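The values are calculated or read from the model by the stated rules, or taken from the named source; none is laboratory data. What you see is a predicted model; the values in this text were computed from it and never measured. Cβ atoms come from the backbone with ideal geometry, glycine included; neighbour counts cover every protein chain shown. Each accessible area value is taken on the protein alone, full model and side chains, heavy atoms only, with ligands, DNA and RNA left out. Shrake-Rupley method; radii C 1.70, N 1.55, O 1.52, S 1.80 Å.
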Amino acid sequence: MRVQLAEAITAEASVRQYHVYRNKQFKMANEDRLKQIACDAIDAKMTALKALSQDIWNHPELCYEEKHAHQVLTQFLEENGFSVERKFHLDTAFRAGPNNVKSQGDGPNIAVLCEYDALPGIGHACGHNLIAMLGIAASLGIQAALQAPEFTGSGKLTVMGTPAEEGGGGKVALINKGAFSDVDLAMMAHPSQFNLKKPIFLAMTEVTIRYHGKAAHAASHPWKGVNALDAAVMCYTNISHLRQQMHPAWRVHGVITKGGLKPNIIPDLTELHYYIRTPTDPEMLVLKDKVLGCVEAAAKASGCEFECEFGMSYSSLVTNDVMATLYTENAQRVGIQQETELAKVLKAGGSTDMGNVSRVVPGLHPKFYIGTPASGHTPAFATQAKTEEAEHCSLVVAKALAMTAIDFFLKPSLVQQAKDMFHKDLEAEKTAD
């Protein structure tokens, strides 16, 4: 009797295991079908997407002046089944969501971000035309998956146009206006010389330093003057000497923007413009204090008064490991291999207002190769950002982002894991030495 019972239990367990296996196989097959649907949707619009990138590249616009890019992007979304809210908090920002999707349930709101401003003089030398294109492409892929009969998850897609990344802090302004209050995860990608799942983007603080002295004739009455140029030169030199004791990852770089009017007039006003950068936000507080010491010392030595005007401040990027891991897996499926050479992995880039977003919600901001060793913010990079090769690389990344979003829509537990990691990362930064 015991043997028969044991056999019955074994048989019942075997049936349960079989059903568990079949359910897993169904879910995996369903997940694969949805990801294929997303990739096919991007391929179906490839020609139109490339034309969109070319159009933005051919009409470079500076921060907060992106009227053409704003128009063509929002029009494209509307023509492809999205409801668009133009002038979303800012004149050249927008928010959109797909029409005709299933009940959104209580799943995550995943935001795909687009950038589209250019640089003065060298146009799209940061490749924001590609960022805009791939953001729209990824959104088309996600839209198709959400609309598919096979979709069994829940959630909401938000496409957000974020202007003025190049020094204007468009995302910072959007954060301050509550644009991310209902967002659970945010993602985008940035063109580069390498494929990096967790690139280093530095915290950055902009500061303008002014010295006020007293004008006098430099030949007849120099003793009556207070030389503001001496203060500016000493400030510049002080900061240069500070670099000897700076952490290797810290950066301070600047220029003298006003140095006087004529040699025979002792300058009564000079001005310097600096960027201060560090790998983390807490380090920024330390370095900023050291720089201010250099500024004040020059004022005392020269007898000048000084003022510091702090401009835009970008936080360092905190890449969410859960999001980065899923992105890497999906990127491999479409043929993207992440860089492993340590010197490239640890190479610090510039700064981005996506860093500020990554401290409000879990964020993903990988870099991707577009076929050139040229660095961003150069004419060579701007030229490459218009090529078919760069567009192809961007659309492959769009597929990886769309597939990553699908993972989160289908597996709500992953969203909570990402949020737990988000809080853990921010807490760890506070206690880091």
When segment 202-240 is checked residue by residue, the ones that are closer than 19 Å to Trp250 by Cα and either in contact with a helix residue (DSSP H, G or I) (Cβ under 9 Å, 6 or more places away or on another chain) or among the hydroxyl-bearing types (Ser, Thr, Tyr) (or both) are Leu202, Ala203, Met204, Thr205, Val207, Thr208, Cys235, Tyr236, Thr237, Asn238, Ile239, Ser240
Which one of the conditions (1) buried (at least 19 other Cβ atoms within 10 Å of the Cβ); (2) free of Cβ contacts under 8 Å to residues at least 40 places away in the same chain does Pro366 fail to meet, given that it meets all the rest?
(2)
Filtered residue count, segment 237-263, keeping only those that are closer than 20 Å to Ile276 by Cβ and either of a type in the set (A, V, I, L, M, F, W, C) or open to solvent by less than 90 Å² (accessible area, probe 1.4 Å) (or both)
14
Being open to solvent by 80 Å² or more (accessible area, probe 1.4 Å) and under 24 Å from Lys171 (Cα atoms) is the requirement here; does Lys419 meet it?
no
Exclusive hit being buried (at least 23 other Cβ atoms within 10 Å of the Cβ) and β-branched (Val, Ile, Thr), set Ile209, Ile200
Ile209
Quick check on Gly81: is it surrounded by fewer than 17 Cβ atoms within 10 Å (Cβ to Cβ), within 28 Å of Ala331 (Cβ to Cβ) and at pLDDT 95 or above?
yes
If we scan segment 184-194, do we find a residue that is open to solvent by 10 Å² or more (accessible area, probe 1.4 Å) and touching a Ser or Thr at 6+ places or on another chain (Cβ under 8 Å)?
yes
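Can you name every residue in segment 258-273 that is in contact with a Ser or Thr (Cβ under 8 Å, 6 or more places away or on another chain) and at negative phi?
Lys258, Gly259, Glu271, Leu272, His273
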What residue, of Asn129, Asn176, is over 17 Å from Met188 (Cβ atoms) and either of a type in the set (S, T, N, Q) or without any contact (Cβ under 8 Å) to a residue 40 or more places away in the chain (or both)?
Asn176
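Among the residues of segment 405-416, which ones are open to solvent by 30 Å² or more (accessible area, probe 1.4 Å) and either aliphatic (A, V, I, L, M) or within 18 Å of Ile336 (Cβ to Cβ) (or both)? Give the derivation first.
Filtering segment 405-416 down to residues open to solvent by 30 Å² or more (accessible area, probe 1.4 Å) leaves 410-413, 416.
Answer for segment 405-416, where residues must be open to solvent by 30 Å² or more (accessible area, probe 1.4 Å) and either aliphatic (A, V, I, L, M) or within 18 Å of Ile336 (Cβ to Cβ) (or both): just Leu410.
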Which residues, counting only those in segment 414-433, are at pLDDT below 95 and of a type outside the set (A, V, I, L, M)?
Glu427, Glu429, Lys430, Thr431, Asp433
Segment 370-404, residues that are out of contact with any helix residue (DSSP H, G or I) (no Cβ under 6 Å at 6 or more places or on another chain), more than 21 Å from Pro120 (Cα to Cα) and either open to solvent by less than 10 Å² (accessible area, probe 1.4 Å) or in contact (Cβ under 8 Å) with a residue 12 or more places away in the chain (or both):
Pro373, Glu388, Glu389, Cys393, Val396
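Quick grid of which residues meet (1) within 27 Å of Met204 (Cβ to Cβ); (2) at pLDDT below 95:
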| residue | (1), (2) |
| --- | --- |
| Leu140 | no, no |
| Leu146 | no, no |
| Gly155 | no, yes |
| Gly167 | yes, yes |
| Gly178 | yes, no |
State all residues of segment 166-175 that are open to solvent by 10 Å² or more (accessible area, probe 1.4 Å) and among the charged types (D, E, K, R); if no residue qualifies, say none.
Glu166
For segment 87-123, which residues satisfy the criterion of being open to solvent by 10 Å² or more (accessible area, probe 1.4 Å), more than 23 Å from Ser413 (Cα to Cα) and touching a residue at least 12 places away in the same chain (Cβ under 8 Å)?
His89, Leu90, Asp91, Arg95, Gly97, Pro98, Asn99, Asn100, Leu119, Pro120, Ile122, Gly123
